[in-house]
1. Can you name every residue in region 163-192 that is out of contact with any helix residue (DSSP H, G or I) (no Cβ under 9 Å at 6 or more places or on another chain), assigned to a helix (DSSP H, G or I) and within 20 Å of residue 202 (Cα to Cα)?
2. Give the residues of region 214-261 that are at pLDDT below 80 and under 18 Å from residue 196 (Cβ atoms), sorted by residue number.
3. Can you find a residue that is part of a helix (DSSP H, G or I) and crowded, with 24+ Cβ neighbours inside 10 Å anywhere in region 197-210?
4. Restricting to region 115-131, what's the tally of residues that are buried (at least 22 other Cβ atoms within 10 Å of the Cβ) and either farther than 16 Å from residue 160 by Cα or under 16 Å from the mean Cα position of the chain (by Cα) (or both)?
């Protein structure tokens, strides 16, 4: 089927078929140009799962069987492979993939900057940004969003403000609410809660729930109750989200305003707002472990809690 019909028809038939022959599309796909479509799906799937070991196996299979086959989507595929390692936390392998790429476009550089920033490697993200500019590749709005997010995660206040100015004056890019949300978050993490509020109030565009949420979170951490109250009111005017209501309830609880806490919880009940418990999974030696907030059903829960308590004590010792 895949040899006779064109790529578009083959893909449609493959999706509709209840008994799709994966072997056929994998073996003949490269000749028909399906390689890009198939492997992009595979690697993006590993990104969603966070399955590093499985992702490495698929990467190895790809290298052994298809690495020498020319394909117009090779660059997109290589970027997806790199992203798979980044999302799974294997920055070392991601950098190896990046260094081995013959062609690196803006998407590739931006993805690496974003990945480094997500894992708290803000200085490295800035280094990649400057290397990208040295290569003659001009950043766009998405690149700066990744860079500002990296600065925020690493608490690089001066560098973040410098990046925002560079964005506006060096490259002529108008920052949007996403960029300013990063700046507000960065100011908030640095304890400059009032400066963060001032930044929001100076915006020409109408602030959205993300930026008020960032301010509320910062105000709660740094116990700026007045700003927290104001941010919460603005936030709840814009969006009825269970997470935001819970955050507002926590702010009221920190002030020991129990009547207000009860009012917030009552409002959540009236609006049928329920916050879904957090869920995460990780892979250890080929086995996936899922965790839900408040769940103690894992067979190694006692050992897990013992380690967490030990880490918490060590963190407190370092902080003091």
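1. 165, 168, 169
2. Correct list: 238, 244, 247, 248, 251.
3. no
4. Selection size over region 115-131: 5.
The values are calculated or read from the model by the stated rules, or taken from the named source; none is laboratory data. Worth saying up front: this structure is predicted, and the values here are computed from it rather than measured. Neighbour counts are summed over all protein chains in view; Cβ atoms, including those assigned to glycine, are modelled from backbone coordinates with ideal geometry.
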